[in-house]
Amino acid sequence: MRKIDVLLGLQWGDEGKGKGVDVLTPNYDVVVRFQGGPNAGHSLEFEGKKHILHLIPSGIFHPGKLNIIANGVVLDPVIFRREIEGLENSGIRPYETLKISRKAHLILPFHPLLDAVSEASKGEAKIGSTLKGIGPAYRDKIGRDGIRVGDIESGKIEEIYRNARAKYEHLLSNVKDTYDLEKREADFFASIEKLKQFEFIDSEYEINRLAYEDKKILAEGAQGAMLDIDFGSYPYVTSSNTICGGACTGMGVPPSMIGEVIGIVKAYCTRVGGGPFPTELTNEVGQRLREIGHEYGSTTGRPRRCGWLDLVALKYSVMLSGVTQIILTKADVLDSFDTIRVCTHYKVNNQNTDRVPFSIEELIEPVYVEFSGWKTIIRDIRKSDSLPENLLRFKSFIEKTIGVPITYVSTGPARDEIIRML
């Protein structure tokens, strides 16, 4: 039996997981997406073109690799159909290389409406939802009211859907015309026909079988560890477990089957939507990070909040998931900075701590260490020993603080702009 490696974002999402999976996929036979939904946006750039995936595993661009959407994912058939059409327009026909778990839950036409109603009701306390219906879909799953991909095979999907919608008629009656629910439903059922062109599988059996047949499997997470439903900055979190434990339940494999846990980390931090962000920069430095790093959401287009690297939060994420190696992304964004800061502690109630506090209402003051910038354009560098000395010092400090080696440094957005560290 070969162990399954897991790739996770360790911050608040947008760390570069799409590129990480794309770079690592040649070393694997299978890529499995295990949680989240189309609120994720995994960006890849190669051959001069940018590709954004929301549901489909990022290994889809590599011929001969099997890609699986596993049971932990919530799948929107309309967004899935558009994504498939986009792949086809790029010359990729994924019908043989993409399989879908029967146990994955569907995002239904009214779920985004419920999402919008819930977010509006929060007023200034809104969490910054992507309004893709993720929360309501997971809520129905937990409430035992969900519809799964396997229900499509029953031949009664329209009846099952009507029964599901009936439970929410009292909430939908005031908004379904505003949000044109009938059109959403027409798109949904048309997209179900596209979904039927793919093989539905009992993914828990298939993934375990593949592992026991010595296939190399990479599990791809979505969002980031600090958005985990249990351990993130609640309630400003997503609706699934984004840490390594979520890979086990999201695929149906035991913890003993997990091998390497590869964490993706930006050289600075970003966050979309509401919630605490101790190192956020609301000044010209934060704006500079945003512009140089093109920090706008790949799913929503919203500008991302930007700040310095937070090692308190990163150590927390490493601990929760047992991270064994790190891919450091977007180091090139810091190329022109004279001084780079890294948060090593929080000051809470006038005391320094290296722990993430329970209450997000606590006034957190970041405690920083400063580094001299490398003032070098690194995008064309392809060898680790050619990287600027100040960047290597920055890397070594991160490794020493979190106790995990950085095995790759990304020097730009393109597929080949990454260095394997020796």
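Within segment 260-282, the set of residues being among the small types (G, A, S) and surrounded by fewer than 18 Cβ atoms within 10 Å (Cβ to Cβ) comprises just one member, G274.
Take the residues of segment 369-422 that are of a type in the set (K, R) and not in a strand (DSSP E or B): which is farthest from D332 (Cα to Cα)? Step by step, filter segment 369-422, then rank; the result is K400. Are any of the residues in segment 169-189 of a type in the set (G, A, S), under 27 Å from the mean Cα position of the chain (by Cα) and closer than 25 Å to I79 by Cα? Taking every residue of segment 169-189 in turn, none turns out to be of a type in the set (G, A, S), under 27 Å from the mean Cα position of the chain (by Cα) and closer than 25 Å to I79 by Cα. So which residues in segment 359-398 are buried (at least 16 other Cβ atoms within 10 Å of the Cβ) and either within 21 Å of L320 (Cβ to Cβ) or among the charged types (D, E, K, R) (or both), if there are any at all? Once the filter is applied, which keeps residues that are buried (at least 16 other Cβ atoms within 10 Å of the Cβ) and either within 21 Å of L320 (Cβ to Cβ) or among the charged types (D, E, K, R) (or both), segment 359-398 yields I364, P366, K395, I398.
Listed here are the residues, each with its yes/no results for (1) on the phi > 0 side of the Ramachandran plot; (2) in contact (Cβ under 8 Å) with a residue 60 or more places away in the chain.
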{"position": "C343", "(1), (2)": "no, yes"}
{"position": "N349", "(1), (2)": "yes, no"}
{"position": "P366", "(1), (2)": "no, yes"}
{"position": "L387", "(1), (2)": "no, no"}
{"position": "L391", "(1), (2)": "no, yes"}
{"position": "R415", "(1), (2)": "no, yes"}
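When the helices (runs of 4 or more DSSP H) confined to segment 130-238 are screened for residues that are of a type in the set (K, R), surrounded by fewer than 19 Cβ atoms within 10 Å (Cβ to Cβ) and in contact (Cβ under 8 Å) with a residue 24 or more places away in the chain, those reaching at least 1 such residues are found at 134-142, 157-166, 181-195. Residue-level analysis places L113 outside the set of residues that are more than 17 Å from V30 (Cα to Cα) and modelled with pLDDT of 95 or more.
Quick grid of which residues meet (1) assigned to a loop (DSSP other than H, G, I, E, B); (2) under 16 Å from the mean Cα position of the chain (by Cα); (3) outside the structural domain of D214 (by TED's automatic domain parsing):
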| position | (1), (2), (3) |
| --- | --- |
| D14 | yes, yes, no |
| N39 | yes, yes, no |
| S43 | no, yes, no |
| H51 | no, yes, no |
| G59 | no, yes, no |
| G64 | yes, no, no |
| R81 | no, no, no |
| L87 | no, no, no |
| Y95 | yes, no, no |
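Considering each residue of segment 244-259 in turn, at least one proves to be of a type outside the set (G, A, S), surrounded by fewer than 24 Cβ atoms within 10 Å (Cβ to Cβ) and either part of a strand (DSSP E or B) or not assigned by TED's automatic domain parsing to the domain that holds V32 (or both). Set side by side, the residues I377, I402 differ, and just one is assigned by TED's automatic domain parsing to the domain that holds V312 and over 22 Å from the mean Cα position of the chain (by Cα), which is I377.
The values are calculated or read from the model by the stated rules, or taken from the named source; none is laboratory data. Small disclaimer: the values here were computed from a predicted structure and weren't measured. No Cβ is skipped: glycine too gets one built from the backbone with ideal geometry, and neighbour counts run over all protein chains shown.
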